[in-house]
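Structure record follows, encoded as structure tokens.
The values are calculated or read from the model by the stated rules, or taken from the named source; none is laboratory data. Being a predicted model, the structure only gives us computed values, none of them experimental. Cβ: placed from backbone, ideal geometry, glycine included. Neighbour counts: every protein chain shown.
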Amino acid sequence: MFLAAFCRKNSLTDRENWHWTNVLRFQPDDTDAIRALGLKKYRNTWLTQEAIDQCEAAERQHEAAKAKWQLPLKRLGQWLENGDPGEREAALAELQAISDAAAIPLLEAEFADAWDRQPCSRRS
């Protein structure tokens, strides 16, 4: 804590933050370090307000993507697994046309285990 105070007094902000971070490594609930680093409790961890804002923005983006893609991807998955040949081709064409990067986590959730469900899969 002495070194962090010295760094603050001498406007060595990066070094000061480094010292306070090291204090938290050994004393995770040190109130002086938490205050000096501007941390707030968020979902059982300490984060800066900027990091909290980023987490919340990412969550909002994920929820928006989920609202947009979850049902259509479920439908395409059903067409691929149980549809007639025309539905399977249409599903593949729709999947190939997706260019929204926000759909990737939902694509993974919907189709990640599809290979394991195949009777002739080569995975062990």
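Things to note:
- As a summary of the residue check, I52 satisfies the conditions (1) modelled with pLDDT of 95 or more; (2) closer than 30 Å to R15 by Cα; (3) loosely packed, with under 13 Cβ neighbours inside 10 Å except for the one numbered (3).
- Out of W46, W79, W18, sole residue that is closer than 20 Å to L107 by Cβ and modelled with pLDDT of 90 or more: W79
A quick yes/no check of all residues on (1) of a type in the set (D, E); (2) within 30 Å of A58 (Cβ to Cβ); (3) at pLDDT below 90:
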| position | (1), (2), (3) |
| --- | --- |
| R88 | no, no, no |
| A97 | no, yes, no |
| A101 | no, yes, no |
| L106 | no, yes, no |
| C120 | no, no, yes |
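- Here is the figure for region 55-107: residues that are in contact with a Pro (Cβ under 9 Å, 6 or more places away or on another chain) and within 30 Å of K40 (Cβ to Cβ) total 3.
- Members of region 83-108 found to be in a helix (DSSP H, G or I) and without any contact (Cβ under 8 Å) to a residue 12 or more places away in the chain, listed by number: P85, G86, E87, R88, E89, A90, A93, Q96, A97, A101, I104, E108
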